[in-house]
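Step one of this worksheet: look at the structure below.
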Amino acid sequence: MNLRRLKDNISSRLMLAATVFACLLFFFVLIGLYSRASPILSAVPITDLLFSSEWGPTDGKFGFFPFIMGTLWVTGLATIIAVPISLLSSIYLSEYAGNHLRNIMKPLIDLLAGIPSVVYGLWGVLAVVPFIKDTLAPALGVETVGGYGILAGGIVLAIMVFPIIISITGEVLRSVSQELREVSLSLGATKWQTIKHVVLRKARPGIFAAIILGFSRAFGETMAVLMVVGNVAKVPSSIFDPAYPLPALIANTFGEMMSIPLYESAILLAALMLLVVVMIFNILARMVLIKIERGVV
Amino acid sequence: MELRRVEESVFRVLMILSLLIVVGSLLAVIGTILWKGLPVLSIDMITKTAEGGYFLGKGGGILNAIVGSLYLAAGGTVLAFFLSIGIAFYLQKEYSGGTKLSNLTRLSLDILWGTPSIVYGAFGFTVMMYFHMRASLLGGIIILAFLELPIMTRAMEEVLKTVPRELKEVSYSLGATRLETTLRVVSKQALPGLMTGVLIAFGRGIGDAASILFTAGYTDRIPTSLFDATASLPLAIFFQLGTPSPQVQQKAYASAVILLVIVLAISITTRFLSRKYTKYIIK
């Protein structure tokens, strides 16, 4: 009898330890990155770091502006492409499609989420980049750097974001009560009117959260983007320009040329920026989703 | 009156188009990789390790990367499993009692879920430099475990939540302790879901490149100890594609087929297992 209690006691303490570790892990990462990024934060004013376009680590110039803009362009474009397509698909699956179609689509969407990012990147290089170079750019009469650039990155990223927005929106739509729909339909509204005026209005905060989570996933995606975006450290001015997003900068330069003073610190600052932005987005989105789960919204 | 019918039809068409784009992109990705990769896939690719000068077009295969990836993902998954199962069990009401700690843990796991893998990679490398560790299998395993932890834990927790209360209460009323109930009743009931969680995390681990870029390194040999640098499939694809030689680039396509097949196999196994073991569940 006592042995059983003892086992229960010890195991529960071990589980508690694992749980506390999970809570602390994020802070370890945050503090670890901050402590290594602090030399550059104290050596260069923060406004220079964020808004200067001069990038020359050998001369001690660390302006992240081109990289920040590159990230925003690629992620922004991916979101613009992904949001309407994902939302419409998700609405169709939850409101119109029968069980049969839904059962076929679920594994396909899971699979889309499971494909590794290098495979998406390779697909971008094999299919999207040549398409832009040989077909789209000549047709529109624009110059590209061999097809590599923001458009290619945005298209590849958009596809990677589809499953996230589709599955979260699906959950949110399912949480809208059936009675609400029936009331609207019984008043003579069409199915689409019901969706537009009742379901979507009720689901708006949740859909907002789904978009934010999709955006934040795109924000930190590294390999696929790195392979198709061109990696030129210049502030882009059109979607046909190449860009150099922050994750690509980290992947390409970290581990090399660490002899240059402050270089490592600057790269870790880039990682810290990604972490903080993603953290804010995730906390925002989760707060909305938790409220929906509790039925407050 | 008719206008709203037209609007409905227009949106219906748009929705079906969107769905076709989603399915179409999945087929396009898989189709392109198979179409380009299958013709250049050879037995040597899978059975031989890279020979000297492999990236310059010399012979050999990517067995080193395949085995390396399996080591990394398996190690990461085992490590993540022990943490995740503990956390998922602890988040049950009888342990944490729905307290602040459990809410904080959930939020923390959600943020970790969203943390980009390159950030894990950079963090891991900094810590390893601090301890004067070189890129190694062990470093890669630990970072992959961190990456998989939130995915696995949330999947397991969702499953444990679906175990009926009555089932647990029956066990408690017979005098069982929390541990006995958790291991013998709850785990059995949740087994298919727990396995699904493990496999999803494994799939995520085997496909990730950014986190192990600095922590596991790359080498032509199969690692023989935890402290050897370890090659991986995603990085093999990335490096082969980055070479100027078209032959080596074609090997990248073939490597992508191998990775894709592994990921597909995991996805199919997941479905098969969850169906097979569902019959032991008390409904």
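Any idea which residue in the range B:157-212 is nearest to residue A:221 (Cα to Cα), counting only those that are assigned to a loop (DSSP other than H, G, I, E, B) and facing chain A (nearest Cβ under 10 Å)?
Selected residue: B:210.
As an exercise: evaluate residue B:218 against (1) within 17 Å of the chain's Cα centre (by Cα); (2) not in a helix (DSSP H, G or I) and give the number of the one condition it does not meet. So residue B:218 meets the others, but not (1). Screening B:69, B:18 for residues that are in contact with a Leu (Cβ under 6 Å, 6 or more places away or on another chain), polar (S, T, N, Q) and within 19 Å of residue B:263 (Cα to Cα) leaves exactly one candidate, B:69.
For the range B:1-117, the helices (runs of 4 or more DSSP H) that sit wholly inside it and include 1 or more residues that are without any contact (Cβ under 8 Å) to a residue 60 or more places away in the chain and closer than 25 Å to residue A:109 by Cα are B:2-37, B:100-114. Counted as qualifying within the range A:66-177 are the helices (runs of 4 or more DSSP H) with 1 or more residues that are of a type in the set (Phe, Trp, Tyr) and surrounded by 21 or more Cβ atoms within 10 Å (Cβ to Cβ), namely A:117-123, A:150-174.
Just one of A:127, A:137, A:189 is of a type in the set (Gly, Ala, Ser) and more than 13 Å from every other protein chain (Cβ to nearest Cβ); which is it? If you could, list the steps in order and put the result at the bottom.
Values: A:127 fails: more than 13 Å from every other protein chain (Cβ to nearest Cβ); A:189 fails: more than 13 Å from every other protein chain (Cβ to nearest Cβ).
Residue meeting the stated conditions: A:137.
Residue A:11 meets all of the listed conditions (1) of a type outside the set (Phe, Trp, Tyr); (2) in the same structural domain as residue A:253 (by TED's automatic domain parsing); (3) more than 30 Å from residue A:262 (Cβ to Cβ) but one, namely (2). Screening residue A:79 with (1) in contact with a helix residue (DSSP H, G or I) (Cβ under 7 Å, 6 or more places away or on another chain); (2) within 11 Å of chain B (Cβ to nearest Cβ) gives one miss only, at (2).
Counting only residues that are under 23 Å from residue A:123 (Cα atoms), in contact with a helix residue (DSSP H, G or I) (Cβ under 6 Å, 6 or more places away or on another chain) and among the hydrophobic types (A, V, I, L, M, F, W, C), how many does the range B:202-238 have? Within the range B:202-238, residues that are under 23 Å from residue A:123 (Cα atoms), in contact with a helix residue (DSSP H, G or I) (Cβ under 6 Å, 6 or more places away or on another chain) and among the hydrophobic types (A, V, I, L, M, F, W, C) number 11. Inspection of the range A:275-282 finds no residue satisfying the criterion of being more than 25 Å from residue A:68 (Cβ to Cβ), out of contact with any Cys (no Cβ under 8 Å at 6 or more places or on another chain), without any contact (Cβ under 8 Å) to a residue 40 or more places away in the chain and surrounded by fewer than 22 Cβ atoms within 10 Å (Cβ to Cβ).
The values are calculated or read from the model by the stated rules, or taken from the named source; none is laboratory data. Quantities reported herein were computed from a predicted structural model and do not represent experimental measurements. Methodologically, a virtual Cβ is constructed for each residue, glycine included, from the backbone with ideal geometry; neighbour enumeration extends over all protein chains shown.
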